[in-house]
Structures are given as C-alpha cells and as structure tokens.
Amino acid sequence: MNDELYQQLTKKSISTKKDNFGKRLSLFALILIGLVVFAILFFVVSRGLSTFTLDQINPFNFVFGTQWNPGKTDEAGNQLVGALPMIVGSFAVTFLSALVATPFAIGTALFVTEVSPKWGNKIMQPVIELLVGIPSVVYGFIGLAVVVPAVRNATGGTGFGIFSGVVVLFVMILPTITSMTIDALRNVPGHMRESAYAIGATPWQTIYKVVLRAAIPGILTAIVFGLARAFGEALAVQMVVGNSPVMPDGLFSPAATLTSVLTQGIGNTTDGSLANDVLWSLAMILLLMSLLFNTIIRRIANRRALK
Amino acid sequence: MAKKTNLEIVDQLVAETDYDRYIIQLSKKHERAIETKDLTVTYDGLKYAMNPATIAFEKNKITSLIGGSGSGKSTFLRSLNRMNDDVATVGGQILYQGVDLNAPEIDVFEVRKRIGMVFQRPNPFAKSIYDNITFALTQRGKYSRVELDEIVETSLKNAALWDQVKDSLDKSALQLSGGQQQRLVIARALALKPDILLLDEPASALDPKSTMQIEETLVNLKNNYSIIIVTHNMQQAARISDYTAFFNMGKLIEYDLTRKIFTRPKVKLTDDYVSGNFG
C-alpha cells in the first residue's frame, strides 16, 4: 500500500470541510422553515379548534349552519355561527373566476408561444408579468370605482356581490394562470411540434392535439395556482363583494367570503371571545383549503414527473 | 415447452459460463494504472447492475469498453472515480497505486482530481474558455496568473485546441462548435494533471471530422495519461485502443488485446458483437 498517497487521499481538505459546512447550513435553513410552517399550522389549528372544544360548538353546525351572527343565539339558544354562507361565497367567487379566466389565459398563452412568439415575447409577456405584480388593493379599488357602479347600473341592485367579486378576481388571476401556462407550453419540446408538422398536421391540429395535450399537467397546475390565489385573496374581494354573511341567492346579491369576514372581523373582536374563536376556525378552514390546493398541485407535478 | 428467446439463451449462457478465464491478466512487467477486484454495482440493493468484475488496466495505454446499451460498461466506468456514489451501491475494490479508492474514508474530491472524466455530451460551463479550464484549479488552491496562463496553454495544446482558440480565450465556451467544446472539456480535465482519463462515449455526439480529431488527441495523450474509454463505435475501439473489454448484460465477458478481440475472440458472444451479428 502506498502510504503517502493514502494520506493524501484521506486527509480532509479545506474544500471538503467547507462542503460539509454548506450541507449543514442548508439543513439548518430547511429546519428553520419547517419549524415556522409547523408553528403556524399548530397555532391556527389549536386556536381554530377551541371553537369546538371550549365553546362547545357542534362542528357540523359550524360548517353547515347558514346563520352567521357570532354572539347572538336563536330561539332555541344555539349560537348563530354557521359558516356555510362564507364557504359557499369563497368557493363561488373562486371557481367562477377561474372558470372565466382559464379560456382567456390559455388563448393568450397560445398566442404568445405558438401564434406570434416575437410579438408575444416583446409586448405581451412584460405586460402579463407587470399585471402579476400589481397589489391587490389596486384591483379592489378599480373594482370599487368601475365594476361596482357598472353592475349597479346594469342590474339595479347595490352593485356589490359575487359577480363583482368574480370580475375583480378574474382580472387578478388571469395573469397568474397565463404566465404559468406560457411556461407550460414553452416546456413542450420543439421536436414534438416539428414531428406533428412532418406528418402533415396543420398548426391548429398541432396546437390542439399535440402541444396542449403535452402541456396539460402544467396547465392544470397553473389553474390550481389561480384557484389558490383567488381563494386566499382578501382585500380586493372584500372591497366589492358586499360583506353580508348570508346565503347568496344570486350572482348579484351581496355576499361574503371566508377571507373578507376574517379581515373585517379580526380587529373588532376580543381575544378569547366566541366571536374571536370562530374567526380562527374560519382561518383554519382557509389553511386546510390551501393545504388541499398544494396537495393537488404536487400530485399533478408528480404525475408529470413520471412521464 | 415454450421456445426460448434469443435474449433468454444469451442470459443463460452468461449465467453458466465461467468467464474469468477470458479476462487476460497483466504480467508483472506491465505497470498498472488502476485495477478492480470484484467490483459490483447495484442500483436497488438487490440485483447486480454490474456483476463482480476483476480487471486491471495498463498504464499509458488506451482501453476500450464495448458492449450494447445496458451492458454495464458506463456503470463500470463511472464507478472508477466514484461518480456512482450517490446513485448506486458499489462493492469490491478499486485499486489505484495500492490504495483502495472504494474505501469509505477516501475523499472522493481528491480521487476525481487524479481520475478525470469526460462525458458524452460536451458540457462546458457557461464561462469563458479560460475560466472553464482554470475553474477547478482556482477552487482548490492559489495560482499566479502566470501559472494559470501556462496551465491553460499546455492543457489546450494537449487537447489540440490551442491553435483555434488562443486569440479568443475570453470568449464564452458555449460559442465553440461541438467538437471544440468536447476538446475543451478534455483540456479542462487535463488541467488538473490527472493520471487517468475516463471518457464515456466522448465522440458519439460529434461529426466524423471532430471524432477523428478527438481520436488523434487521445492517441497523443496516452504518452502521459492512462485512458479508459467507453464507445459504441467498434471501428473507434479498433483504431485507437490497445486493450478492449467486452461487457454484456452487466457482466465483463472478455478482456484482451484489442487486435485479439477483433480478430479471434475466444467467446462467441464477443465474436457476434464485434462482427455485428448481435441481437
């Protein structure tokens, strides 16, 4: 055995030590983030559950009750803490806005990537990226100043309601879905398009049957991201939705969402009161929903990785 | 009884035959660059991707590793400088000047300085030509500008690239052609002054002219380096290598002087493969 060489090959060099230090540093960062996430989860869930443990509210009544007036009771003495109107409101604005935004987003993305990449890259993409960065209060303000009066004139009601919320959210999530769809389409390898053209497919057949099919997982991820953003949006929605926690009976009647009730109520309740606890429960529902959205995104991404 | 497919017959033959007698042993007078003793590789911990392989490579010679896709030749090559560490479990010994490189206490970064590797796709970093070559050196020690200049020049000359790039060392390496990039990558490996150069199909993504230049480069390099090269190109193996090892389905089948492998191989599998009757 060559001892000198063995020495050289086994002594830990400075670079090796630095390498180990780097590994520990990134592990530390990971643990820190993990702790923060765990702490938030623990905090929200423990406070959110106190509605059901300390205040003895039946979870079933909480989720499916339709009367929301914390602190008040009905004739039978039950607390009026039914969260269904807000849950319905949240889901209604979220899914309706995504439903409207998706076709526009895919159309725009196709234009940018397939139809006119030059023009799209130069003008459309910067515009879309700019839209992603606009603060939500600006969207809400425009909604308040433009959308609500327009809806009021058209329908004769107050103008506040689910429809106005959907319009504002549509504009908000459109750039998110669009820019992610653009990425998904760009990730479709160019040789797939060439192969399709080479067997005589028209551009439209290529886009519809080949490119879009290949990009489906990416587009689904984009839509779910849009959903998550719409579901979690508080300020802009609160400014136009009407903030009336009753079961919505139409697109144009005032309603409330989980987030709008939270932002409105959290400053007006005292810590430890029932009115405060139920808000935590709403926050818990929001958190669970975003976990669900995240799980869906991961599932889709994993399926894409398998291919 | 169902008729056996060709693949099954080959499989059975491989399993039954004692191939050790078809692996030539280097005599005392041949200096050894590196050798393996019962080197095995498993990816899942269960099945051998590389069955126990014992083989010694002669110093300052070119050895070709040939075999079909999935034969284990690349897996074997990557094990030699521990590139399989995070991917697979490598068993057995890799002896380099008497030291077992496969031992856990060995610093793999030091190993890779002595045993360089070049991959199939030319993979220069997104840096200038000059920085590509000096990158590993500057990470590892202090060199003066003059020393670096000299190393860059010698490395590029050894890789037969100097004349083409000496006026544009500050240009991005990504602007070079594929063949030039591959020779730059070879120069990058040479800059560390390794003993052994491992090449994994270095010319398979290149056109014939670039391939020829790479081959010339390798033949010139063997005066100072020991070279082990994986290739799919049988003519290439015949042209440049002194020894050839034939792998099949994760097993080292036959190892001999190149001219023997290509003219009168002892194993029928090898004969079929080098004459193109395989599969």
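Read the figures in this text as sums done on the coordinates, not as results from a lab. Remember, it's a predicted structure, so these values are computed and weren't measured experimentally. Neighbour counts run over all protein chains shown; Cβ positions are idealised from the backbone, glycine included.
Couple of notes before you dig in:
- Pairs with C-alpha atoms separated by more than 28 Å, drawn from the list B:LYS73/B:LYS222; A:LYS17/B:LYS142; B:LYS222/B:LYS268; A:LYS18/B:LYS113; B:LYS28/B:LYS73, are B:LYS222/B:LYS268.
- Over the protein assembly as shown: helical MRE at 222 nm, DSSP H runs n ≥ 4 each giving -39500 (n - 2.57), nearest 500: -17000 deg cm²/dmol
- Charged-residue dipole, Cβ positions (Lys, Arg, Asp, Glu), region A:13-80 about Cα centre, Debye nearest 20: 720 debye
- Note on region B:90-153 and region B:202-224: Cα centroid distance 20 Å, given to the nearest whole angstrom.
- Annotation: the residues B:ASP149, B:ASP200, A:ASP74, sorted from fewest to most other C-beta atoms within 10 Å of their own C-beta, follow the order A:ASP74, B:ASP149, B:ASP200.
- In degrees, nearest ten, helix A:212-232 long axis to first principal axis of chain A (Cα): 40 degrees
- Placed amide H near B:ILE23: partners under 5 Å, 5+ positions off or other chain: B:TYR255
- For residues of B:76-83, the mean tally of beta carbons on other chains within 10 Å: 0
- By the rule of a C-alpha distance below 13 Å, with chain neighbours fewer than 8 residues away ignored, the aspartates and glutamates paired with B:LYS37 are B:ASP20, B:ASP100.
- Selection from A:MET86, A:VAL63, A:LEU5, by position along the positive dipole direction of chain A (Cβ): A:LEU5
- Signed unit charges on C-beta, dipole axis of region B:6-274, positive-most listed residue B:PRO194, B:MET234, B:VAL152: B:VAL152
- Other-chain or far-sequence residues with amide H under 5 Å of B:SER128's (modelled H): B:ALA173
- Here is the size of region A:13-80 from its Cα atoms: Rg then Dmax, 23.4, 78 Å.
- Highest-fluctuation residue, B:ARG259, B:ARG32, B:ARG140 considered, GNM on chain B with Cα pairs under 10 Å: B:ARG140
- Applying D = kT/(6 pi eta Rh) to region A:54-166, where Rh is the Kirkwood radius over alpha-carbon pairs, T corresponds to 37 °C and eta to 0.692 mPa s, the Stokes-Einstein value obtained is 184 µm²/s.
- Relative contact order (percent, whole number), region B:12-132, Cα cutoff 8 Å, 6+ residue spacing: 23 percent
- A Cβ-based charge dipole, computed about the Cα centre of the protein assembly as shown with Lys and Arg at +1 and Asp and Glu at -1, lands at about 1000 debye.
- Taken along the Cα-to-beta-carbon direction at a fixed 7 Å, the label points for B:VAL87 and A:ASN69 span 7.0 nm.
- A straight Cα-to-Cα reach below 16 Å connects B:LYS171 with the lysines B:LYS127, residues fewer than 8 places away in its own chain not being considered.
- Kirkwood hydrodynamic radius (C-alpha pairs) into Stokes-Einstein, region B:30-148, 4 °C and 1.567 mPa s, D in µm²/s: 80 µm²/s
- Distance histogram for chain A (every C-alpha pair counted, 20 angstrom bins, percent rounded to whole numbers): 26, 45, 23, 6, 1
- Bridge orientation summary for the protein assembly as shown: considering DSSP beta bridges with both residues in this region, about 55 percent are antiparallel.
- Set A:LYS12/B:LYS59; A:LYS23/B:LYS251; A:LYS12/B:LYS47 screened for pairs whose C-alpha atoms are more than 30 Å apart: A:LYS23/B:LYS251; A:LYS12/B:LYS47
- Mean partner shielding of peptide B:96-102, defined as the number of other chain Cβ atoms within 10 Å of each residue Cβ, is 4.
- Close amide H partners of B:VAL99, meaning residues 5 or more places away or on another chain with modelled amide H under 5 Å apart, are A:ASN2.
- Ranked by the mean number of other Cβ atoms within 10 Å per residue, highest first, peptides B:168-174, A:222-228, B:235-241, B:89-95 order as A:222-228, B:235-241, B:89-95, B:168-174.
- Shielding by partners for peptide B:103-114, expressed as the average number of C-beta atoms from other protein chains within 10 Å of each residue's C-beta, is 4.
- Placing unit charges on the Cβ atoms only, positive for Lys and Arg and negative for Asp and Glu, gives chain A a dipole magnitude near 1240 debye about its Cα centre.
- Each Cα pair under 8 Å and six or more residues apart adds its sequence gap; the mean of these over the residue count of region B:6-274 is a relative contact order of 27 percent.
- Stretchable slack from A:SER13 to A:ASN121, in nm (0.36 nm times residue separation minus alpha-carbon distance): 34.1 nm
- In degrees, nearest ten, helix A:84-110 long axis to first principal axis of chain A (Cα): 40 degrees
- Comparing B:ALA187, B:ALA136, B:ALA159 in a Gaussian network model of chain B, where Cα atoms under 10 Å apart are tied by springs, the biggest mean-square fluctuation is seen for B:ALA136.
- For region A:12-24, 3J(HN,Hα) computed residue by residue from phi via the Karplus equation (6.51, -1.76, 1.60; θ = phi - 60°) reads 7, 6, 4, 4, 5, 5, 4, 4, 5, 4, x, 4, 5 Hz, glycine and proline entered as x.
- A Gaussian network model of chain B, with springs between Cα atoms under 10 Å, assigns the largest mean-square fluctuation among B:LEU77, B:LEU218, B:LEU148 to B:LEU148.
- Percentage, to the nearest whole number, of Cα pairs in the protein assembly as shown over 46 Å apart: 43 percent
- Exposure proxy ranking, count of Cβ atoms within 10 Å, fewest first, for A:ASP55, B:ASP167, B:ASP256, B:ASP38: B:ASP167, B:ASP38, A:ASP55, B:ASP256
- Efficiency of FRET from Cβ geometry, B:ASN224 and A:ILE134, R₀ 56 Å, rounded to 0.05: 0.35
- Geometric descriptor of region B:133-279, per residue, is 132 Å³ (volume of the convex hull of the Cα atoms).
- Distance between the C-alpha centres of region B:158-177 and region A:252-307: 58 Å, rounded to the whole angstrom.
- Whole-Å distance, taken between Cα centres, linking region A:76-143 and region B:51-88: 54 Å
- Beta bridges assigned by DSSP with both partners in region B:6-274 are antiparallel in approximately 55 percent of cases.
- Taken one residue at a time, the phi angles of region B:29-40 give Karplus couplings (6.51, -1.76, 1.60, θ = phi - 60°) of 6, 8, 6, 9, 7, 7, 9, 10, 10, 6, 5, 10 Hz. Gly and Pro are set to x.
- Where the Cα pairs of region A:184-307 fall when distances are cut into 10 Å bins, in %: 11, 27, 23, 17, 13, 6, 2
- Table column - 3J(HN,Hα) (Hz), region A:234-247, Karplus curve with 6.51, -1.76, 1.60, x for Gly and Pro: 10, 5, 4, 5, 4, 6, 10, 8, x, 6, 10, x, 10, 4
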